[in-house]
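Okay, structure first, notes after.
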Amino acid sequence: MGTEPTPVAVVVVTAPACHLCDDALHRLRAVAEPAKLTLRVVELESDEGRALVARHRPPMSPLVLVDGELFSSGRLPQRKVEALVRARAAVTTDGDLWATAVGQVSSHG
């Protein structure tokens with residue numbers, strides 16, 4: 001029998017008056033609890049937001065990070081979100097399975 005998976009940290013760096021940011025937050029909040037995602041919003045104008053943008057250099061807002069790695073920028077890709085949720089549901093006691101799944105999700109656009 002598998003153990004409860006560790007929540008995955010999702011950070012969304014948002015910009016003011018950004019409808020793509022609002023849409024991404026809405027969709028991520030809808031899957032956060034069932035997929036065991038911890039969702040944290042960071043404002044672009046904050047010190048942390050500026051540092052994350054400088055590090056990852058997204059062409060558009062929002063910047064979305066999963067476990068500290070670039071997941072997307074701009075419009076949140078529905079297929080990647082679905083793959084993330086599917087991968088998360090497949091996690092058992094093997095932490096490598098999740099790391100592999102995140103790598104696969106991150107490498108596809």
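The values are calculated or read from the model by the stated rules, or taken from the named source; none is laboratory data. On a predicted model such as this, the values are computed, not experimentally measured, just so you know. Cβ: placed from backbone, ideal geometry, glycine included. Neighbour counts: every protein chain shown.
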Count of segment 37-84 residues which are out of contact with any helix residue (DSSP H, G or I) (no Cβ under 9 Å at 6 or more places or on another chain) and of a type in the set (Val, Ile, Thr): 1
Those residues of segment 35-44 which are over 11 Å from the mean Cα position of the chain (by Cα) and either farther than 12 Å from residue 7 by Cβ or part of a strand (DSSP E or B) (or both), in sequence order: 42, 43, 44
Answer residue from segment 69-93, given it is in a loop (DSSP other than H, G, I, E, B) and at pLDDT below 95 and is farthest from the chain's Cα centre (by Cα) among those: 93
Any hit, segment 38-59, residues being in contact with a strand residue (DSSP E or B) (Cβ under 8 Å, 6 or more places away or on another chain), among the basic types (Lys, Arg) and crowded, with 16+ Cβ neighbours inside 10 Å: no
Of all residues in segment 12-36 being in contact with a helix residue (DSSP H, G or I) (Cβ under 7 Å, 6 or more places away or on another chain) and of a type in the set (A, V, I, L, M), the one that is farthest from residue 75 (Cα to Cα): 35
One residue from 31, 64 being outside any loop (DSSP other than H, G, I, E, B), modelled with pLDDT under 95, under 17 Å from residue 7 (Cβ atoms) and among the β-branched types (Val, Ile, Thr): 31
Residue, modelled with the lowest pLDDT, within segment 36-61, restricted to residues that are within 20 Å of residue 89 (Cα to Cα) and not polar (S, T, N, Q): 36
